[in-house]
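J.: First, the structure itself, so that you have it in front of you.
Read-outs: derived from the displayed coordinates by stated rules, not from any lab. None of the values given here were measured: they were computed from a predicted structure. Neighbour counts are summed over all protein chains in view; Cβ atoms, including those assigned to glycine, are modelled from backbone coordinates with ideal geometry.
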Amino acid sequence: MFLSKVCKRKILLFLGETIAAFQVTFPFKKIHYYFYTALILLVLSIYFYWETIFFFPSHVHAWTQSDRLALVLGFLDNNFNFLKPQTFNLSTTNGITGVDFPIHEYLVALIMKMTGSESPVIFRLYSLIYSMVGYLFLFRLTKEITDSFWKSAAAVIFVFTCPIITYYQAGFIPSATSLSSAFIGYYYYFIFIKHSRTNDFYLAISFITLAALARTPFNIFLFAIFLQQLYLFMRERKIYWNRLLSFAFVFGIIAGYNVFKAYLNTTYGTQYLTHILPAENLAELIQIITTVILQWAFQLFSIFHYLLLFAALVSLAIYLRKRKKLTTIDKQVLVQGVLIITGAIIYFLLMARQFIDHDYYFMDSFYLGIILLFILGIHHISASSRKSRRIWMMVFGVMLFAGTIASKRVQKLRYTETMWDRGEITRKNFAGSANYLDSLGISRSAVILVIDAYSTNAPLILMDRKGYTVLTTSYENIKKSLEFDFDFIVIQDIFLPSDVICNYPGLLNRLERIGGNGKISIFKLRRHGLRSNVEELLGIVHPFRVITENFDTTKSSSDWKNINKVTSQVSRSSPNSAYVNHQVEYGPTLEIPYDNPDVNRLLFEGYFYLDESIDNVKIACSITQNGKTHYYWDFPLTLNNENNKWIKYQCLFTLPNQLPAGSTLKCYLWNPNSEHVYFDDYKITLYRK
């Protein structure tokens, strides 16, 4: 339902009032400062995001980011019922889920409604513009502390180009918008400290509360301000009731919303984390800290950011060591920075296991305290003469430029496709799937079960259909999912043999293929057995070429290399089988010319016998030409250890098109950890999609 005229008038009135407030907040007599800052932010935004601003949630934390996009689309679907946030995933009742205050998702949904577009670019632009507003306030805050344009601009560029912040501030996770709200809140808070204007205090608390509602860890900052005010009450032996009542009011709002969120969790369920994840003991905590440092140290900051931060902190330490008197606002900034970092350490201890894989948790905790100390540090960098100022400006300029380049490299790395990024593979496989399902006559109201989804919402969003997702394809998970109330099953072709059928062989004879586009296949689930095989499920009707090898006593084809035969009692269907052990790293290798561009799929099949559990044996496929690798992929040989029993394993390789002439295709077993495995009856099928 479109917005009413009254609602549109209210929105326009609100925008008018916002512009008027902007004019008051940013006086025109100093507008050139903000113009230059905004111009810097615009240039940085174009530099970092011109390639990615239109991307669907992808790569690093695409799972979480697509969940937030699903909330936006859920508001469009439920007529903007703010009290019932929902996603596409029906693991909760009707997709309704408890979640932190989704105000930003709601506003993005309104913008989508007004523009008539559901493109992810709207969400990305909203986050980026909101972040840029926060940076203008960060600039103002730094200007109030340092009284220097270049130091204020340096602080803004420093923060903008921190690699993790750069990645998320044009994304979908509310850590970015909450950080921006916190910048605005702290600007007003320190203006209040400086000028004691009550309205500034109210604005400060309002924006910090908004940040805390949208992202729970931001309560750290609200509590830090509360503690600081309590200390002032005690020091001055006076209670400022308006401030105390303000804290009571905002803490009441936060508590009230959390009660409502708990009601949603209990009534409908939730798709979001609701409990703490501390380390179980000191040894694990040390291991987590080590892992976090190795994994995130140079994505939190580049080496150039670290050098600037070090210079700022050394400057602050020298200033304090000389026992020079800090101004009132400097003292409060220092106290806030220390309180925030203390709170962040406590939060880290409570959520330690999440920090290993969730880099945006640093935006929720440590970053803001470090930024405040950085600002205070550069404030006390000595630049008493024009020459020294120029030297510092040159040093900072060079370091910030180098830090910007380094951050860009990190962004490129984060958007680089890797074979272990199965979330990105999933996104590509489901791109355009909504129209494809339409072409099969599958209603938009049909409920879909996606097996091996790698995300709770991304495949469902791309299909524009609600349903269920199986994220880990264990036997138990697949079996449980078959009891859900769904109409169709969708499986990615590339993972169907290795990750689905190998783990749940019984599914092979219960799926009736409806169709497929070479990336995904659609099935109906039948109660009674259907005689089928993987080739039929994948839609392989006329294979291009089938190559077999049973490792018997006859001479093997010249297409095969590295065959180590053994005659033993465990041989499957002939006197001989092949093997790898601690002396053999590479097993049988098929090596043939790859000279037909129409062939773009390779289905591997083999039987394996395990003496014991194996750790790291892989079925690999590569395409090379003149020593250069154009394609490589491997599947870990994930088999249940069943002694005295041969186990069938299959996997599918999606081969690239348009490779140079003279390329060589290899498919082989790789044994990097010196495992002991027997295998027999290889079958390799090349076919066209």
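J.: Which ³J(HN,Hα) values, rounded to whole Hz and listed in residue order, are derived for segment 227-233 from phi using the Karplus coefficients 6.51, -1.76 and 1.60 in 6.51 cos²θ - 1.76 cosθ + 1.60 with θ = phi - 60°, glycine and proline given as x?
T.: Going residue by residue, I get 4, 5, 5, 4, 4, 5, 4 Hz, with x marking Gly and Pro.
J.: Based on the mean of other Cβ atoms within 10 Å per residue, sort peptides 112-120, 326-334, 215-223 so the most packed one is first. Could the numbers behind the result be given before it?
T.: Details: 112-120: 14.0, 326-334: 16.3, 215-223: 22.7.
So the order, starting with the most tightly packed, is 215-223, 326-334, 112-120.
J.: Which shape class, rounded, prolate or oblate, goes with segment 270-420 when its Cα gyration tensor gives a ≥ b ≥ c as root eigenvalues, a/c under 1.5 marks rounded, and past that a/b bigger than b/c marks prolate?
T.: Since a/c reaches 1.5 but b/c is at least a/b, the shape of segment 270-420 is classed as oblate.
J.: Pairs Lys194/Lys238; Lys519/Lys683; Lys143/Lys408; Lys143/Lys387: which are spaced more than 24 Å apart, C-alpha to C-alpha?
T.: The pairs that break the limit, which is 24 Å between Cα atoms, are Lys143/Lys408.
J.: Mind pulling the angle between the C-alpha long axis of helix 366-379 and the longest principal axis of the chain? Nearest 10 degrees, somewhere in 0 to 90.
T.: The angle comes out at about 40 degrees.
J.: What angle do you read, to the nearest 10 degrees and between 0 and 90, between the alpha-carbon axis of helix 62-77 and the longest principal axis of the chain?
T.: 70 degrees
J.: I've got another one for you. Gain in length, Ser558 to Lys84, computed as 0.36 nm per residue apart minus the alpha-carbon separation, to one decimal in nm?
T.: 164.2 nm
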